[in-house]
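Since the structure comes first, as structure tokens, the remarks are kept for the end.
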Amino acid sequence: MTKNQKVQRHRRTLEELNLIDDFLFQEVLSGEGGEEFARILLGTILGRTIRKVKVIPQKSIPGIDTDKHGIRLDAYIEDVSDELLADQIDAEVIPDIYDIEPDNTYEKNTLPRRTRYYHGLMDTKLLSSGASYNELPNVVIITILPYDPFGKKRMLYTIRNQCVEDPSVPYDDGAQKIFIYTRGTAENSSQTLIDMLKYIEETTASNVTNQDIASIHKLVTQVKFNRKVGINYMNSYVREQMIRKEERQEGRIEGRMEGRDLLNQLTIRLAEAGRTDDIVKAAKDLEYQEQLLAEFHL
């Protein structure tokens, strides 16, 4: 049994989620304080002050053709701290691009090639036709993991391309990957980063140790007690269960599409009626889902 399968045995409440979980990370990033969250997190990881960022949560990049695999970036971040500098020197400053991916799913064997694919597909969207290659921005993919991706017990693994025969040869193509193991050996990492990673893996008030984490915890608390977010979370679970049931019973694309549509209608009707308890119950009981569908004539 994989670690991911063990996690699925117990469906946690929204309050029990941590920032390493994709749903909570995305909800915080998409909220009113999303850019502040991204600014603090990125600055802590890089160990420097980030004054301003622009964020696109869940940015989708299609494949280069209709039959090619696309990607969805959890946190597409542009560091625009130097915009004021650009005004002063009357010149364009190319912002660095960051993608932060918290990954609570054990997929150790595919990480290197996955991030290679992400880099390649991101680059196809970053350079306009006729532009110089020097205008291609630096791109850093940051993956936060609750397991050790390379088995060396390090907290940070920074990957750059280099000359194999002579690593001292200057070679900077602007591409970089950072894998962060939340429980790794600290090495020369700052206590600020150590504390932040502990909070990301276990997002509780007891792990709030500085003002930056306190600011993030405030945003997290607002999200966890937001009724709309709670309904979205329950809805996501019901959707997962319905899809699994459809795939077991029919295995047809048509069946999956119809099931999603019915599920969305049911959730909306229950929410409008204020029956959030029924949404929760339906998430755990497939027979009860069918009863509710019949009740609402769906």
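The values are calculated or read from the model by the stated rules, or taken from the named source; none is laboratory data. No experiment lies behind these values; they were computed from the predicted model shown. Ideal geometry is used to build each Cβ from the backbone, glycine not excepted, and the neighbour counts take in all protein chains shown. To get the accessible areas, we keep the full protein, side chains included, count just its heavy atoms, and leave off ligands, DNA and RNA. Shrake-Rupley method; radii C 1.70, N 1.55, O 1.52, S 1.80 Å.
If you go through region 174-217 and keep only what is part of a helix (DSSP H, G or I), open to solvent by 50 Å² or more (accessible area, probe 1.4 Å) and free of Cβ contacts under 8 Å to residues at least 60 places away in the same chain, you end up with GLN191, LYS198, ALA205, SER206, GLN211. Using the structure shown, decide if GLU32 is surrounded by fewer than 18 Cβ atoms within 10 Å (Cβ to Cβ), acidic (Asp, Glu) and farther than 23 Å from LEU126 by Cβ. Spelling it out, GLU32 is indeed surrounded by fewer than 18 Cβ atoms within 10 Å (Cβ to Cβ), acidic (Asp, Glu) and farther than 23 Å from LEU126 by Cβ.
Residue-level check: of (1) part of a helix (DSSP H, G or I); (2) open to solvent by 60 Å² or more (accessible area, probe 1.4 Å), VAL223 misses just (2). Going through (1) open to solvent by 60 Å² or more (accessible area, probe 1.4 Å); (2) within 17 Å of the chain's Cα centre (by Cα); (3) within 25 Å of ASN210 (Cβ to Cβ); (4) not basic (Lys, Arg) one by one, ILE45 falls short only on (1). From the list GLY255, GLY274, GLY251, the one residue that fits, being open to solvent by 30 Å² or more (accessible area, probe 1.4 Å), modelled with pLDDT under 60, farther than 26 Å from ASP22 by Cα and small (Gly, Ala, Ser), is GLY251.
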